[in-house]
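Here the structure is laid out as structure tokens; the discussion comes afterwards.
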Number of protein chains: 2
Amino acid sequence: MAENMFLYWGSGSVPCWKAMIALEEKGFSGYKNKLISFDNNEMKGEDVLKLNPRGEVPTFTDGDVVVNESSAICEYLESTYKDKGTQLIPSGTKQRALVLQRMNEAMANLMHKMLLDYIYEFMETKEEKTKLKTRPDNVARKTQTLKDELNRWNDYLGKLPYLSWIDAFHIRKTGAYLAGPDFTMADVYFFPFIGFGVRVGLNLDSFPNIKSYYERLSSRPSIKASWPPHWKQSPGSFKPLTGKM
Amino acid sequence: MAENMFLYWGSGSVPCWKAMIALEEKGFSGYKNKLISFDNNEMKGEDVLKLNPRGEVPTFTDGDVVVNESSAICEYLESTYKDKGTQLIPSGTKQRALVLQRMNEAMANLMHKMLLDYIYEFMETKEEKTKLKTRPDNVARKTQTLKDELNRWNDYLGKLPYLSWIDAFHIRKTGAYLAGPDFTMADVYFFPFIGFGVRVGLNLDSFPNIKSYYERLSSRPSIKASWPPHWKQSPGSFKPLTGKM
């Protein structure tokens, strides 16, 4: 089946990473793919545009089915290949409700509080340095917003609802995933945000549950296999203006 | 089952409306609910906060299951009560892929291009008038972005993929939904954005497919039943700065 699949992707893109973790988890390692260069604007190339008129990645095909939004790709893979690889959306009602909640909560909150309003606004890249006119009170307010948000997720990892005592015992030994004792779609959606944050200088010391979660999941096969390749080759070139959290 | 459900909601909120359309479509008319007042900050009230620490609506419970993000509520209802009411996510692979694509494309694009960057930025409310320092070139650029976005959705409604000739014939007579001949979750996600746009002054004359879609769906029972009540009582008080599209 992997041989019928094709993914256009960019290295370091949170939505691409998310789709790629789902592909690995569902057992499609070895799917055909093309790494596009954001610097050369290759997401606006003819081959991508003909499948995805928005000219964005991920752009994904499975035979003659085209799916482009990262969340749609993840849900498409899970619903089409339910019995293959990891079950990412649980069958049990309560667990499924929690997974759906965390997936959508991550999308609704982290994209902005973490990426667009914080990292993209504050990170110092050569080109953007001159453009940034961030007022100190803005930095303080947005730092606090991100800190509150991360505290919330740190608590989620520490206090999981709906746990049987067996699962609670298990988790004390092995560590929790975002929605319980098993890796789910909630982790597929959440991990790349944290990975990106760490890459651009986020210090997780104040969020111990996220820190151990990050460290543990970093060596999960699906996540290792899809780790943005250029991150392995060079250290991050951004520094958030505020180091302290 | 509806008697075990409870929804906290606010009138005129796009995410609330979306959850409410899904509740109606799945056959849960008559679910218990509380209309909260945004003006009185009731989403930060104790009853909401204890279920949803973010203090936001929609906040939804089904027995002892709590789900708060609007997309999570919709997907929870569909996956938990698959055989009840309207089937909102199709079983066929291609149709399901298209529905998932449009659902997530609406969320990823319309929330910003339509609501946050356009309507919220340009609408003139008494309190905000003085704050707005929108430069004319900004208005022109963002108007163009929204226009391009709406043209895209107008085209989606006009050129549906994966249609059998019977469905194509049917659609020519009755009009299309966003992902084909049937109302799906794609419509649940998309319609409230357009409804909100029209409420705040969006003129659909340049988007004839969206216009007839909007008019047709406005009388669909699930949408009529969940229409924001205060919109029925008074005309909109906002006017986008740019009337022309």
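The values are calculated or read from the model by the stated rules, or taken from the named source; none is laboratory data. Predicted model only: the values in this text are computed from it and were never measured. Cβ coordinates were reconstructed from backbone atoms using ideal geometry, including for glycine residues, and neighbour counts include every protein chain displayed.
Can you pull out the residues in segment A:71-82 that are buried (at least 24 other Cβ atoms within 10 Å of the Cβ) and more than 8 Å from chain B (Cβ to nearest Cβ)? Residues satisfying the conditions are A:Ile73, A:Cys74, A:Leu77. Please go through segment A:13-53 and give me each residue that is within 12 Å of chain B (Cβ to nearest Cβ), of a type outside the set (A, V, I, L, M) and more than 24 Å from A:Met114 (Cα to Cα), ordered by number. Across segment A:13-53, the qualifying residues are A:Asn52, A:Pro53. Of all residues in segment B:18-72, those satisfying the criterion of being closer than 22 Å to A:Lys94 by Cα and part of a strand (DSSP E or B) are B:Lys32, B:Asn33, B:Thr59, B:Phe60, B:Thr61, B:Asp62, B:Val65, B:Val66, B:Val67. Just so you know, in segment A:88-104 the residues that are facing chain B (nearest Cβ under 8 Å) and β-branched (Val, Ile, Thr) include one that is surrounded by the fewest Cβ atoms within 10 Å (Cβ to Cβ), and it is A:Thr93. Being out of contact with any Leu (no Cβ under 9 Å at 6 or more places or on another chain), more than 29 Å from A:Phe38 (Cβ to Cβ) and assigned by TED's automatic domain parsing to the domain that holds A:Asp148 is true of A:Trp165.
Of all residues in segment B:154-177, those satisfying the criterion of being within 23 Å of B:Asn203 (Cβ to Cβ) and hydrophobic (A, V, I, L, M, F, W, C) are B:Leu157, B:Ala176.
For segment A:155-186, a residue qualifies if it is part of a helix (DSSP H, G or I), in contact with a Lys or Arg (Cβ under 9 Å, 6 or more places away or on another chain) and surrounded by fewer than 23 Cβ atoms within 10 Å (Cβ to Cβ), and the qualifying residues are A:Tyr156, A:Thr174.
For segment B:194-216, a residue qualifies if it is within 21 Å of B:His230 (Cα to Cα), free of Cβ contacts under 8 Å to residues at least 40 places away in the same chain and surrounded by fewer than 19 Cβ atoms within 10 Å (Cβ to Cβ), and the qualifying residues are B:Val198, B:Tyr214, B:Glu215. Among the candidates B:Glu24, B:Glu3, the residue that is of a type outside the set (Phe, Trp, Tyr) and modelled with pLDDT under 95 is uniquely B:Glu3.
Considering A:Ala22, A:Ala108, the condition of being in contact with a Leu (Cβ under 7 Å, 6 or more places away or on another chain) and either in contact (Cβ under 8 Å) with a residue 24 or more places away in the chain or among the aliphatic types (A, V, I, L, M) (or both) is satisfied by A:Ala22 alone. In segment B:187-234, counting only helices (runs of 4 or more DSSP H) that sit wholly within it, the ones holding 1 or more residues that are outside the structural domain of B:Met20 (by TED's automatic domain parsing) and of a type in the set (Val, Ile, Thr) span B:208-218, B:221-226. In this structure, B:Thr59 does satisfy being more than 10 Å from every other protein chain (Cβ to nearest Cβ) and among the polar types (S, T, N, Q).
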